[in-house]
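FYI, it's all coordinate maths here, none of it is from the lab. Only a predicted model underlies this, so the values are computations on that prediction, with no experimental measurement involved. So basically every Cβ, Gly included, is an ideal-geometry build from the backbone, and we count neighbours across all protein chains shown.
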Amino acid sequence: MLRIALALSLTAAALLTPTVDALARDEGSPGARTLGDRLFPELGNGGYDVLDYDVRMTYVDSSQLMPASVTVRAKATQNLSALSLDAAAQQIKTVTVDGRRAEFRQEKEKLLLGPASALRAGKVFTIQVDYTADRGQHPTPPGINLPPGMQWPMRAWVETPDGFAVMGQPDRAHLFFPNNDHPSDKARFTFRLTAPNDRTAVANGDLVTREPHPDGTTTWTYHTAQPMPTHVVQLAVGRFRGITQAGPHNLPIRSYLSTAPFQGKDLTDDMERTARETPDHLAWLAKELGPYPFTGYGVLGLSSTYNSVALETATLSTYGAGLSLPPKEQAPTMVHELTHQYFGDAVSVATWDDMWLSEGHARFYERRYAASRGWIDLEKELKSLYQSDQKNRTTIGAAGHLKNPYSVLFDTNVPGQLMLEGLHTLVGADTFRRIEHTFLDRYRHKSASTQDYITVANEISGQNLTDYFHSWLYSDTTPPMPARPNWTT
């Protein structure tokens, strides 16, 4: 694994450990360096709850190095003598805690901090980290064993012909800025991106200001009114065509579509044609799930393959060149990412073992949307998927207990969809909808676990459905599909 040299003197590095130990004896104890996630045991940090992040970053043309800083405002949940952030592939310059210089060192993908004085439980404090982000660094995620000479194929920093975008899911957001990189610790964000005047900077949330500077650059400031998890952050710079629409209840829809050619072809008009279907998707999904949960929405279309995926970056779903496909071909994917704004972004997973809550729901509504338009035979498709479930379960593991951590990117979609279709059959359409609405209302802008969903389902249905959920989410064997006695795997 690549290690970044610290901007820290040997004297300061030597002082860090004894200073932290002394504080631990006299005034508190270090926060945990993990939140104990089964699939990603190195992710997250204990002892505090992040309230908001303020990220500043400057894009420099023809360079992969970007001067940056992040200010983290957090609340201590214990007496803290030392604490840590997730951070990787960054040149850390200085760190302060409440304005006073803090000792620090980097160890694997952690930034370890020794504040000048202990932080008392309940105290709101700030950490500022000044650093240089390097878009050329793509360290292999911890826990991934690759054959010699093979590189991890997913790129967190996605280069485009005229700038960049990012993809932080599931555990790469701390390559962009030091943070508490676990979905259970949500926060509000402010992004201040500076770029040349001929580019547009884009990020999650609402555009607050555009501030031009005498040196030919402009700083774009965005702010999220609601909290979100780190893994759905989006930061992008490029030449974009902006389009504005109104969604249900006059929801502002602001989309950004790259004008840079992709493989020699200008796709902007085709992207715009597809992106303009967004109000229809919002209206359809609002009938199923209720009002959209954020203050605005839009899509980001890139001149890139974007790792051959789309991503539910909060308030601004991100697509590669595939956004230029005809609406019929791209619409189900767009509904999928839009569903994630409810399941995954507004209601985040408590642990990565709960990812079926996000992906299963996105797949469920994606395929129902396609069926509502007459594009697929849903029952025939479900039967085919069911027949493959046992083989997939044996190879990948059950949706709630995957064998490989990176299966969370792809392998909970279909089993989650099958389980939800069976639940829909068991309880009926009206009760199913009440379960969905109750769950979303109860946990909006929080994180929720599988057990939280089971509790809501049992409460609303008046049935004990725990065994049903456990058979689908944790069993090695595919359970029977409700009301389909002739289906076999």
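Using the Karplus curve 6.51 cos²θ - 1.76 cosθ + 1.60 with θ = phi - 60°, what ³J(HN,Hα) values do you get for each residue of segment 240-245, in whole Hz, with x for Gly and Pro?
10, 8, x, 10, 10, 9
Quick one: length gained pulling Asp441 to Tyr474 fully straight, 0.36 nm per residue minus the C-alpha distance?
Fully extending the segment from Asp441 to Tyr474 adds 9.2 nm.
State the dimensionless ratio Rg/Rh of segment 45-149 (Rg: radius of gyration of Cα atoms; Rh: Kirkwood radius).
Values: Rg = 15.3 Å, Rh = 15.0 Å.
Answer for segment 45-149: 1.02.
May I ask you to sort Trp157, Trp356 by Cβ crowding, counting other Cβ atoms within 10 Å and putting the fewest first?
Trp157, Trp356
Among all the lysines, which ones have a C-alpha under 23 Å from Lys287's C-alpha, if same-chain residues fewer than 8 places away are not counted?
Lys328, Lys446
Sequence neighbours fewer than 8 away in the same chain don't count; with that in mind, list the aspartates and glutamates whose C-alpha is under 18 Å from Lys380.
Reachable aspartates and glutamates: Glu366, Asp389, Glu421.
Restricting things to Cα coordinates, could you compute the convex hull volume per residue of segment 352-474 in Å³?
It comes to 106 Å³ per residue, whole-number rounded.
What fraction of the Cα pairs in segment 346-414, stated in percent, has a spacing above 20 angstrom?
Of the Cα pairs, 35 percent sit more than 20 Å apart.
Can you compute 3J(HN,Hα) from phi for each residue in segment 325-332, using the Karplus curve 6.51 cos²θ - 1.76 cosθ + 1.60 with θ = phi - 60°, rounded to whole Hz and x for Gly and Pro?
5, x, x, 4, 7, 9, 4, x
Under a 5 Å amide H to amide H cut-off, with H placed in plane at 1.01 Å, what residues pair with Glu42 once short-range neighbours are removed?
Excluding prolines and chain starts, which carry no amide H, there are no hits.
Set the Förster radius R0 to 22 Å, insert the Cβ-Cβ distance between Asp269 and Thr305 as r into 1/(1 + (r/R0)^6), and round the FRET efficiency to 0.05.
0.65
Given H placed on each backbone N at 1.01 Å, which residues far from Thr194 in sequence or on other chains put an amide H within less than 5 Å of it?
It is Met57, Thr58, Tyr59, Trp220, by chain and number.
Sequence neighbours fewer than 8 away in the same chain don't count; with that in mind, list the aspartates and glutamates whose C-alpha is under 14 Å from Lys75.
Counting by Cα, and skipping residues close in sequence, Lys75 has these aspartates and glutamates nearby: Asp49, Asp52, Asp98, Asp185.
What list of ³J(HN,Hα) couplings, whole Hz, do you get for segment 380-397 from phi and the Karplus terms 6.51, -1.76, 1.60, once you set θ to phi - 60° and write x for glycine and proline?
With coefficients 6.51, -1.76 and 1.60, one gets 5, 5, 4, 4, 5, 5, 4, 5, 9, 5, 5, 4, 5, 4, 5, 7, 9, x Hz.
Quick one: which of 413-419, 115-121, 241-247 comes out on top by average Cβ neighbours within 10 Å, and what's the full order, highest first?
Per-residue mean Cβ counts within 10 Å order the peptides as 413-419, 115-121, 241-247.
What's the center-to-center distance, using Cα atoms, between segment 432-476 and segment 280-307 in Å?
The two parts, judged by their Cα centres, are 24 Å apart.
Arranged by the count of other C-beta atoms within 10 angstrom, fewest first, what order do His470, His223 take? Intermediate results must be reported in sequence, preceding the final value.
Working: His470 15, His223 19.
Taking fewest neighbouring Cβ atoms as first place, the list is His470, His223.
Quick one: what do you get for the chain if you divide its Cα Rg by 2.2 N^0.38 Å?
Details: Rg = 22.9 Å, N = 489, 2.2 N^0.38 = 23.1 Å.
Scaled against compact globular proteins, the figure is 0.99.
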